[in-house]
Amino acid sequence: MLGNSSNKFDPCLSVLVKSVKPQTILELGCGEGKFGSIMQQTGLRPHLRAVQKIFSSDEPQRLRQKGYEEIIDRDILDYYKEGFDENYSLIVGLDVAEHFLYSDVISIINFSLYRADFMLLVWPSAHPQMSVTNPFDRHRASFELKDLADKFDIVFYSQTGFAQMHYRHRYHIALLRGFMNHHVLPPIL
């Protein structure tokens, strides 16, 4: 069973993607394909590739119907440790970074910014989660804006929160500029 992503920032995702106008996208852990559906709604038709561990034979076809042209059936961390040379307009990680150890999150972001004009992240912080549907479900890291701001160029950032039982959770969205990116985005309304 594939995971899914929070819908808290869906309207914002659409606006950010339209402002970036990506030609090529790599999504890390596409889950049920929510980002592909958002891309279809925007009217943009970039080449959309995903790195996603596949758990059942019908998942690739469902993802293709949501606009994914290629699904790389790999563990994201293994894929990054091997490295890749392709360049992308945008690398996307929606509700995926919290599933790695903190040091791996920073390494993935760092490598991504060498391979993309922009990286778009959505993640919860201080949100414990156990492995429920597959071994990749458990949360292993929590990080905040300050963890990114010291290391990377943040083009856009927003945060929201919600309470659940005795916990206060925060959800974040950030658009980071790639290291070799000379593009300046127009004002986002």
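Structure above, values below:
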read-out: Loop sites in segment 11-117: GluC sites (Glu not before Pro), DSSP, at most 12 other Cβ within 10 Å; value: 86
read-out: Point-to-point label distance, residue 103-residue 181, nm (Cα→Cβ direction, 7 Å offset); value: 2.8
read-out: Under 21 Å from residue 34, Cα to Cα: lysines that are on another chain or at least 8 residues apart; value: 8, 18, 21, 53, 66
read-out: Nitroxide proxy distance, nm - points 7 Å out along Cα→Cβ at residue 160 and residue 56; value: 2.9
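Bear in mind these aren't lab numbers, they're just calculated from the coordinates by the rules spelled out. Since we're looking at a predicted model, the values are computed, not measured. Cβ sites come from the backbone with ideal geometry, for glycine too, and all protein chains shown count toward neighbours.
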